[in-house]
Amino acid sequence: MSKLQRFKLLALAGAIFLFQPALTQLRPPAVPLVTSDPYLSIWSESNHLYDSSTVHWTHVPIPLTGYLRVDGHLYRVMGRPRKITNQVIPQSALQVTPTSTTYTFKNQQVQLKLSFLTPLLPSDLEVYSRPITYVTWKVASVDGKSHSVQIFEGTGAAISVNQATQKVVWARKHWGPLTVLKVGTQAQTLLSPAGDDVRIDWGYGYTAANSARAVSGVAPINSLLEQFRLHGHLDGVVSASMPRSVKKGETSLGFSFDLGWVGSHFIQRQVMIGYDEGRQIDYFGNNLLPYWRKFGDIKSTFLAAHQQYSALKDRCHQFDARLTNSAIRVGGSKYSQIIALAYRECVAATGLVEDANHQPLLFTKEDTSNGDIATVDVIFPMDPIWVLLSPELAKASLQADFEYAASPHWKFPNAPHDLGTYPQVFGRDDGGEGMPVEESGNMIILTDAIAHAEGSAEYAKQWWPQLTQWAKYLVQYGLDPEDQLCTDDFMGHLAHNANLSIKAILALAAYGDLCKMKGDFASAKHYKALAHADAVHWMTVAEENGHSLLAFDKPNTWSQKYNLAWDQILNLHVFPKTLAKSELRYYLTKLNRYGLPLDSRTTLSKTDWTIWSASMAGSKSEFEKFINPIYRYLNTTTSRDPVADSYITTDPHSNGMHARPVVGGFFIRFLDDPAVWKSWSHQVKTRVIPWAPIPKPPVIHMVVPTSQVHGQIWRYTTTDPGSGWNQPQFDDSTWQSGPGGFGTEGTPNAVVGTTWNTDDIWIRRTVTLPHSLTKKEIQALKISVYHDEDVQVYFNGVLAFTQPGYVNQYQVVSISAAAKKQLKAGATLHIAVHCHQTTGGQGVDVGICTETLPN
């Protein structure tokens, strides 16, 4: 190595380690603790870690409990107050970085640093995808004396259930140097229920600690705490009283550590918290593995995580320091603190799986906004984070939508909106929620951004027919969009949308840019000219007194033109630079105390779009004028949610959509600095292995038919039948009878043989299973169901399937293990179904089938 090379390495190391992340000045509305995906997502929604229970992003408790015992006295440091003690060690500091959260507690005797590290390193997808968080305790004396110190940490069994009434089972295992505690539901469903406000109830949660230093136990939390209070350690017993509902006694997986006599030097102990979903995404009937399974099973993954902790901690520190420095450079200190919160929130709203070629597919979940999966107008605001930090993940986020659009399923000239409901990808063969200009523009612009990040249009080439089709669609419909939805669909339909028109114009320019990279210079010139001509027209119809209109036909209005940010980022230079300057000047006159409204119709802000708009600022000081009100809202709001991407800009008590992947869009400011963008995106080597094609749909054979072909006769009532209605002996002779399905006409893809338009319906049907069924075939039986909305299906009184929310096409779902025992060849089977409706269309229909993958 030359002297010059050594100097460069030392300079880089200095740039990394000179920055020591300052203690967080921002009071986060919610603090990320354990953050891997939409199911393993645990937060603290309090000012102090000991004020309340830790929760899932849906606000349902997943209790992490922590106590310190000092010289025989018990102190709470994590979790809600309990009768066992009122004493706490005061929390004195909080530090949040992109990959870690560290609390500091201090009294007159000891200091505790309690940290949560999830090594989400985007340049290393093996590590990034691991569903494991390190919880590290470091204790030292502060009074010059030695103190006897013990630690207790518990992880609630609620980590593995959707509802607290569900029963769980648990076990203790020994993997090499680790003691591992495992918990999961007794009735393992798989990849259901789908929906928004749901948690996981399949797979298993794990906690692990070094066997040589820890004593483990599983029992109700108060029992574990009493053992710890009396003896300073657990009794090592794993309760055999199972299955047990989570609600009954709050079962917890506990570890205790005896640190002995602690002096002025920190003594460290650690617990790892993780989850094995088994299968993570139902991809057109193929149940895909989590991406980390490409490298090993859950045992080998925990062992690798244990062995690599020290190295990963250092790498995460370097990553956090470098990312924070970059954020300060492009946006200032307050922006860097917002970025630190947004990073793990974005990751925890996505799931990373491997396809049949072991390539990554990244699926977004619309947390708090209906639970849709792979939504293009959610990917679009999210992807600045991955265009910056990992173009590979950016491609992985688009891949499934491209595959679907290229398949026989999709018969429309525009890009699709979404692919189903998380974690189920089944497509929207009927077109789904229509945002034709929005989604077509989104896909083209992001593909061009990936090409800029990689310096190549190779990824675009494989989807050239789709990109070309969408560009042609925008030529015809993009300049003056007809009455339709855009990504701000919560504001309703809008014709002649000026911001949507900007997206379409820039998408045409981006397509021309891709043509140029591809070597098709004639097409590049053509689309560039089209975009420039459209931009000239746009300027004549959208301008009004120094700013632009919300819609071309709506005078005295305005809206954020956040889509304009890509003109600068992608060097398209379609619109005059004066447009961005005049828009930002006008926006400054519309700022409220807590942010910039979306447009003249509302005081509601979209945080991601505000930062996109602000990213066009010519100076850091101008950018910070838009960031400061957002920071003020986050710092003072009484809505204790993960960072909100919508709220009322005049009301610090308001809340809105949150915990969504769109906060990845906060990183767009980095892309305005070419040197910063290049320094990050070029650290990841592009893979050359192709993704697998979309799977062929499974072959469905009906055993007990639904009403899709012929209306099956059911007994039904819309009056609450009381208890026992789902049991075989229940007398339903007074109920009405009619053909299925049940619902209202116009409900998407619902089969309506009998009208049902009340809040609830109960239906029953008795069938005889074929005598020819083999044991293997019985084990393969599944339920075919259409439901809008909440449904419960029973076989002979045993719950076979339940799912909240709605679907918009028939789905094949697993039968619970308990209900499957009711299925025997030639047996009489009593099927009972309840469906509950809240709003909109409604429908229900149920059958039994087999599902096999094609050869």
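In nm, what is the difference between 0.36 nm times the number of residues separating LEU289 and LEU230 and their Cα-Cα distance?
Full extension of this stretch gives 16.8 nm more.
If I take R0 = 35 Å and measure r between the Cβ atoms of ALA817 and ARG82 in this structure, what FRET efficiency does the formula 1/(1 + (r/R0)^6) give, to the nearest 0.05?
Using R0 = 35 Å, I get an efficiency of 0.50.
Quick one: how many Å² of VAL798 are accessible to a 1.4 Å probe, rounded to 10?
Counting only protein heavy atoms, the figure is 40 Å².
Where does each of 124-131, 598-605, 387-394, 702-709 land if you order them by average Cβ count within 10 Å, highest first?
387-394, 124-131, 598-605, 702-709
Could you rank the peptides 445-457, 613-625 by their average count of other C-beta atoms within 10 Å per residue, with the highest value first?
Top to bottom by mean Cβ count within 10 Å: 445-457, 613-625.
Once ligands and nucleic acids are excluded and a 1.4 Å probe is used, how much of CYS486 is accessible, expressed in Å² to the nearest 10?
Looks like 20 Å² after rounding.
Got a sec to turn the phi values of region 763-769 into Karplus ³J(HN,Hα) couplings, 6.51 cos²θ - 1.76 cosθ + 1.60 with θ = phi - 60°, whole Hz, x for Gly and Pro?
My calculation for region 763-769 gives 10, 9, 7, 10, 10, 10, 6 Hz in order.
Whenever you get a sec, line up GLU745, GLU45 from highest to lowest accessible area (probe 1.4 Å, protein heavy atoms).
Accessible-area ranking of GLU745, GLU45, largest first: GLU745, GLU45.
Mind running the shape call on region 700-855? Use the C-alpha gyration tensor, a ≥ b ≥ c as the square roots of the eigenvalues: rounded below 1.5 for a/c, prolate if a/b tops b/c, oblate otherwise.
oblate
How big is the gap, in Å, between the Cα center of region 216-274 and the Cα center of region 541-563?
61
Accessible area, 1.4 Å probe, largest first: how do ILE569, ILE694 sort?
Ranked list, largest accessible area first: ILE694, ILE569.
I want to check the label-to-label distance for THR768 and LYS824. Put each point 7 Å from Cα in the C-beta direction and report it in nm to one decimal.
1.6
Answer rounded, prolate or oblate for region 356-502, using the Cα gyration tensor with square roots of eigenvalues a ≥ b ≥ c: rounded when a/c is under 1.5, else prolate when a/b is larger than b/c, else oblate.
Rounded, since a/c falls under 1.5.
For SER600 and ASN222, FRET efficiency with R0 = 35 Å and r from the beta-carbon atoms, rounded to 0.05?
According to the calculation, E is roughly 0.05.
For ARG585 and SER456, compute 0.36 nm times the residue count separating them, minus their Cα-Cα distance, and round to one decimal in nm.
42.9 nm
Given H placed 1.01 Å from N in the peptide plane, which residues other than close sequence neighbours of GLY434 have an amide H under 5 Å from its amide H?
Those lying under 5 Å, H to H, from GLY434: there are none.
Solvent-accessible area per residue for region 54-201 at a 1.4 Å probe radius, Å²?
Value returned for region 54-201: 30 Å² of accessible area per residue.
ILE700 to THR165: FRET efficiency via 1/(1 + (r/R0)^6), r the Cβ-Cβ distance, R0 35 Å, to the nearest 0.05?
The value I calculate is 0.60.
Using a 7 Å offset from the Cα along the Cα-to-Cβ direction at both ARG27 and THR838, what is the distance between the two label points in nm, to one decimal?
If labels sit at ARG27 and THR838, their model points lie 3.1 nm apart.
Using the basic label-point model (7 angstrom from Cα toward the beta carbon), what is the HIS526 to SER621 distance in nanometres?
Inter-label distance under the simple model: 4.8 nm.
What percentage of the solvent-accessible surface of region 557-627, computed with a 1.4 Å probe over protein heavy atoms, is contributed by carbon and sulfur atoms?
Roughly 49 percent, rounded to a whole number.
How do 511-518, 312-319, 249-256 rank on mean C-beta neighbours within 10 Å, highest first?
249-256, 511-518, 312-319
Semi-axes of the equivalent ellipsoid of region 527-598: what are they in whole Å, largest first, if each equals the square root of 5 times a C-alpha gyration tensor eigenvalue?
So the three semi-axes of region 527-598 are 22, 15, 9 Å.
Residue separation times 0.36 nm, minus the C-alpha to C-alpha distance between SER123 and THR852: what's the value?
Contour length minus the Cα-Cα distance gives 258.7 nm.
Hey, what number do you get for the chain at 222 nm if only DSSP H runs of n ≥ 4 count, each worth -39500 (n - 2.57), divided across all residues, to the nearest 500?
Result for the chain, helices only: -9000 deg cm²/dmol.
Once you list every other residue whose beta carbon is under 9 Å from the beta carbon of LEU112, what net charge do they have if Lys and Arg are +1 and Asp and Glu are -1?
+3
Explain nothing, just the number: relative contact order of the chain, from Cα pairs under 8 Å at least 6 residues apart, as a whole percent.
Relative contact order comes out at 11 percent.
When the solvent-accessible surface of protein heavy atoms is calculated with a 1.4 angstrom probe, in what order do ARG172, ARG82, ARG593 fall, highest first?
ARG593, ARG172, ARG82
What is the Cα coordinate range of the chain on the first, second and third principal axes, sorted by size from largest, in whole angstrom?
Ordered largest first, the chain gives principal extents of 82, 74, 53 Å.
The values are calculated or read from the model by the stated rules, or taken from the named source; none is laboratory data. Since the model is a prediction, treat every value here as computed from it, not as a measurement. Here the Cβ is made from the backbone with ideal geometry for all residues, glycine too, and neighbour counts use every protein chain on show. These area figures cover heavy atoms from the full protein model, side chains too; ligands, DNA and RNA do not enter into them. Shrake-Rupley method; radii C 1.70, N 1.55, O 1.52, S 1.80 Å.
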